[in-house]
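Reviewing the structure listed below.
The values are calculated or read from the model by the stated rules, or taken from the named source; none is laboratory data. Only a predicted model underlies this, so the values are computations on that prediction, with no experimental measurement involved. Ideal geometry is used to build each Cβ from the backbone, glycine not excepted, and the neighbour counts take in all protein chains shown. Heads up: the accessible areas ignore ligands, DNA and RNA and are worked out on the full protein's heavy atoms, side chains in. Shrake-Rupley method; radii C 1.70, N 1.55, O 1.52, S 1.80 Å.
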Amino acid sequence: MTSKLKVFESSTNADHLHCALIKLPGVKYDASAQGPTIGYRVNGQTFKFATLHGGKAYQSLVLHMEPGNPVSAIGKEKQREIQEVLDFDIRKCRSHLLKRHEVYIPFEKLDCLSAFASIQPFINEAMEAQEKEGRIVV
């Protein structure tokens, strides 16, 4: 575990998310960033597939749907889908700039195991995106 989880405003939700993510096959985390962020990648992959952001403006799980390609709009499509699944509008609960290739899920929308289970397919898709694009480090 990382002591960095204690600095997250919503440390209980961050702890639950962290535990769920590191239980996924081959997932490692990096908590070396200066701010309250923890990145997650699969062994051998170049890019992170997810980041826990604990900053006051973020407080979100961010899924990197097409990392390395900031002009991709796949994140916008997946953002709409995940908002339907969890019944929220990101623009009503967060005011930060949204990147087109990422999906933002507020911690408060993932406050139970069933909510996490409902986004598992999106997490899997973010993990697999790098393999489809050939972004595996050998």
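The table that follows gives values for the structure above.
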| read-out | value |
| --- | --- |
| Principal axis dimensions, the chain - Cα atoms, whole angstrom, descending | 37, 33, 28 |
| Charge dipole magnitude, Cβ of K and R +1, D and E -1 - region 1-91, Cα centre, debye nearest 20 | 320 |
| Interchain or long-range residues, amide H under 5 Å from F8's placed H | none |
| Amide hydrogen neighbours beyond the local backbone of T46, cut-off 5 Å, H modeled | V137 |
| Normalised per residue, the volume of the convex hull around the Cα set of region 19-77 (Å³) | 108 |
| Partners for K6 among lysines (Cα-Cα distance below 23 Å; same-chain residues under 8 apart left out) | K23, K28, K48, K56, K109 |
| Longest DSSP-loop-exposure-free segment, trypsin sites (Lys or Arg not before Pro), the chain, at most 11 other Cβ within 10 Å | 57-138 |
| Carbon + sulfur, % of accessible area of the chain - ligands and nucleic acids excluded, 1.4 Å | 52 |
